[in-house]
Amino acid sequence: MMHVLVWRALQIVSNVDKSGLADLLPFFNQNMEENKQNESFQDMESTGDVLGVPTHFQNDGSALYLLTHALSPPSAGAVGHWLTQQSSSSIFSGYTNYDGVAADKEEAHSSTLSRNSPTRFTKENSANKMHGDVMGSALSYKESKHLDEWHDFSQISAGNEKDRLTPLSQIGFRDPASIGGGQQLTILSVEVLTESRGELRPDPRFDAINAVSLAIEDDADNTVDVHVFIRGNNVKSHRRNLDGIAGCNINVFPEEKDVLNNLISAICSIDPDILVGWEIQLGSLGFLAERAAYLGIGLLKRISRTPHELNHPPKIPVDNSSQVLSETSSADDIIDDVSENDWSHTHASGIHVGGRIVLNLWRLMRAEVKLNNYSLEAVADEVLRRKIPLIPSRILNRWFATGPGRGRHRCIEYISNRARINLEIMNQMDLVNRTSELARVFGIDFFSVLSRGSQYRVESMLLRLAHTQNYLAISPGNQQVASQPAMECLPLVMEPESAFYPDPVVVLDFQSLYPSMIIAYNLCYSTCLGKVFPSKSDVLGVSSYSADPHTLVDLKNQLLLTPNGVLYVQPEIRKGVLPRLLEEILSTRIMVKQAMKKLSPSQQVLHRIFNARQLALKLIANVTYGYTAAGFSGRMPCAELADSIVQCGRRTLETAISFVNQHPLWKARVVYGDTDSMFVLLKGRSREEAFRIGKEIASSITAMNPDPVTLKFEKVYQPCFLLTKKRYVGYSYESPEQNEPVFDAKGIETVRRDTCPAVAKILERSIRIMFEEQDLTKVRTYLERQWTHILSGKVSILDFIFAKEVRLGTYSARASTLPPAAIVATKAMLSDPRAEPRYAERVPYVVIHGEPGARLADMVIDPYGLLEVGSPYRLNEQYYITKQIIPALQRVFGLLGADLNKWFNEMPRPIRSTLAKRQFAAAHGSFSRDGSFIRLGLNNKTSAKGGRIDTYYMSSHCSICGDMIQGSESFCNNCLKSEAVVATVVAGRTSKLEREIQHLAAICGHCGGADWIVESGVKCISLACPVFYERRKVQRELVVVSESAGEAGYYPFCCAELF
């Protein structure tokens, strides 16, 4: 009877107001509304025929039912209370569903988002906040508890979130403590597809929004729900899904304003805590906000959680027909909406939404992974190990314009996939959980962990502890900070004995040296009595201070004089706040690390949480000294205290170095020391002896120092290079049982990003050969082979791309020229102002051949300019070898007396292949950036007007035998005598290249970069994919071979653009 009562209630409510059915609190599974298009199911009479929950519809319209409850049956009182609720209108009333069914005809489609969103009913009254009415809870606490105890789910019943199937796992059943671990936050990833004008990037003033993809995730269970809002004109009614997209809910609206208004309603309904986009300013939410402002809609205000004016009329009437809006139509609106300062635009998201966190994901990834290119494709490859395509906006709009019957599904899949990948990257990096744990440890809010500096973190913990000790922190002004005494002490950084060391070199470092100094010697603001001989009288740090002579006399036996001449009281008199803080931090970190060791392998969530907490404690301990020494932007600096910490650490390291050098048994020598570490050479010793002596050194020096100063044995280098300060490389061993060494480099080109990957690869391989063979002859042989490949063009352009940060607006006007990356960015901005790089964005560029005597600034271009099939440019091999590779090698192997420039000059020069030298763009045209081919004609020659001088120089070698020939012919006279041989060679080369290009096109087809529906060819232009470079290289060779064959009349021109 309970089921009958519920179905009767459904009929009553549907008769009252069908449009509000989607917003009522359901008693059954959310999939129930999806099945209301079956009329027989809607018109069930209350005759006792209880069929249960429909699970499958057959072809004749009948349904199969599950004979168990979708949810616990409500009580009679709860149903009576439910029937009295006022029905509310759906947030999606009036739109056209993707299937084409009007919302006023079928209430089953009135709210696709509210039906399937996992967060629709997890946020209490989220939909009711939009409409202004609040629905009370239908069940009392007592009734809910009684129903939970009464109802027992079976194995085949459709349970709730807690009653899911056992997850598959490699380690069997998971420990209960490892399940969940989320922060109870809802994350919304937003990506946008817009119109574009040719090769120009989308501009919100002119380009309308075509589609918006929302990927919603509740981090408690990591389920992702995708919703796509599409602007579609003249959408006819269809009951079937024309695009065939699975895994997302699609809503089509006739006008752009309808898309934005329903998008706002959807975001308010979902009520996300975190809004994320890959490029949140130029794309994603930033583009939506700018476009909405030009349409007279205050999007950011309307999706915020703070009270605002619901009606947001346009400041200037907008012509909906043209979709092209004036630049000043809603300038005030944009200023009101995007109310962040310049620092936020250059260091954070730059967009403010009241009550919600807005994350600019690419900028966060700059601190998480170390890459040369921070495109979504590069980060997904590094973090997720997955290749994703990059399709130009021009191609996407071409696909979108074909409609639902042909290519539009590719656009929907493209933006939906990118919205999902944003969430997958965050989950893989554990960004939300880790940041939440840091916020808990530091005692600050979530967004401040990502956007604020280390001073803010230290001050948060310091002030809480100072409050318990009845201390009040001062708040100095900028003038006080600038007028404090200058800092005088520097850490010890020795100049290393630069050489190649085949013998073991032991590396030891003091564990948390500066925090240990603060704790061991009780160094703090509250224990400092000032300098014995101050440079300024009555001044201590940023404040005025006068020491009491009588107090100093009374404490003369309980004072500590640091090496820089500052007095501090010992902890028996007063325990400092900083030492107390650091003692708690370090002891808590030890406790957390011990707890991590006791976790079982199945407790992965707890392990991640504990690891995040111990990392937070380590970070806060290491930056405490910096808080006292921040002399420019400091909030409470103290020069005397900072100098005391540095000088005590320097004296500790100097004492340790002297002790090691003078020890008679070890016969060791310190060859390098840096702040808190020292490198000890044990000449003539074995690796096993090095481990033994290293541990003896660590224990002896630890015993010499007060607690908690500890010298830790780190590793043994054998062999190694010591170059200069903070630059060294070696084979590292961390235990005597380790057989395979680890290549460990610091400060050299193998780990730096200010050069190209080719330098890092060649340098690392050369050093490895030297370490393993210890023979310079083999190193020279390897280098000559690599130089030959570079000069012959048998390399990938990917290894020769520089990518350096650009900060436009910060370069000096007196400089003769901008950095190369800034020059490339400026050239791009001349043709497209929207191409301006974000602050500190890494801009890629390559160096090409230029005129004799040309400056470097005149030889740098965007990589796409070199990668075009018809490009007249050629990679400047001489520059890369002589200016990049050889200097890096010389700094290392020069220590062994090698002259790399002499090696290169004495090397025989290879002859570039005919295919590489022949100019083919003049005969057949070129490819544009999006892959479309511009054909000029088979035998047409370029005119003499407006051409570059290098277009007049054709290859003077035969394509078959390589002999010198006259004119611009492809084959010499000797080869033409045997036409069968020429035809066989040309056909063989063409066949080989065509097989290669087909194989590469098949690879691109697997990751979604190919298109065989609208127009043939691979459209992906991702600079992060090595297949893209190889495909363009083979395309060049194929065009050249087909040109030679076409001129000889063997077969028509082969269209490489098909691949």
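Nothing in this text is a laboratory measurement; each read-out follows from the coordinates by a stated rule. Bear in mind that the values here come from a model prediction, so they are computed numbers and not experimental data. A quick note on method: Cβ atoms are made from the backbone with ideal geometry, for glycine too, and the neighbour counts reach across all protein chains shown.
Some points to look at:
- Look at the dipole of segment 562-631 built from charges on Cβ: of 586, 629, 610, the Cα furthest out on the positive end belongs to 610.
- With a Förster radius of 25 Å applied to the beta-carbon distance between residue 829 and residue 1012, the computed FRET efficiency rounds to 0.10.
- Of the residues 429, 380, 399, the one whose Cα sits farthest towards the positive end of the charge dipole of segment 372-452 is 399 (charges of +1 on Lys and Arg Cβ, -1 on Asp and Glu Cβ, taken about the Cα centre).
- The charge dipole of segment 578-661, taken about its Cα centre with unit charges on the Cβ atoms of Lys, Arg (+1), Asp and Glu (-1) only, comes to about 520 debye.
- Taking 1006, 409, 467, 227 and counting other C-beta atoms within 10 Å, the order from fewest to most: 1006, 467, 409, 227
- When the pairs 370/597; 667/725; 370/746; 531/725; 712/761; 593/712 are compared against a 21 Å limit on Cα-Cα distance, 370/597; 667/725; 531/725; 712/761 fall above it.
- By average C-beta atoms within 10 angstrom, highest first, the peptides 747-760, 532-545: 747-760, 532-545
- Inter-centroid distance (Cα atoms) of segment 592-622 relative to segment 364-385, Å: 25
- The residue among 513, 417, 483 whose Cα reaches farthest toward the positive pole of the charge dipole of segment 402-537, with charges on the beta-carbon of Lys, Arg, Asp and Glu, is 417.
- Label sites at residue 808 and residue 739, each approximated as a point 7 angstrom past Cα along Cα to Cβ, lie 5.6 nm apart.
- Counting beta carbons within 10 Å around each of 770, 429 and listing the fewest first gives the order 429, 770.
- Peptides 436-446, 643-653, 491-501 ranked from most to least packed by the mean count of surrounding Cβ atoms within 10 Å: 643-653, 436-446, 491-501.
- Dipole magnitude of segment 705-771, debye to nearest 20 (Cβ charges: Lys/Arg +1, Asp/Glu -1, about Cα centre): 400
- Links that overshoot a 29 Å alpha carbon limit, given the list 827/992; 726/883; 683/778: 827/992
- Rounded to the nearest 20 debye, the dipole magnitude of segment 450-733 is 1000 debye, with +1 charges on Lys and Arg beta carbons, -1 on Asp and Glu beta carbons, and the Cα centre as origin.
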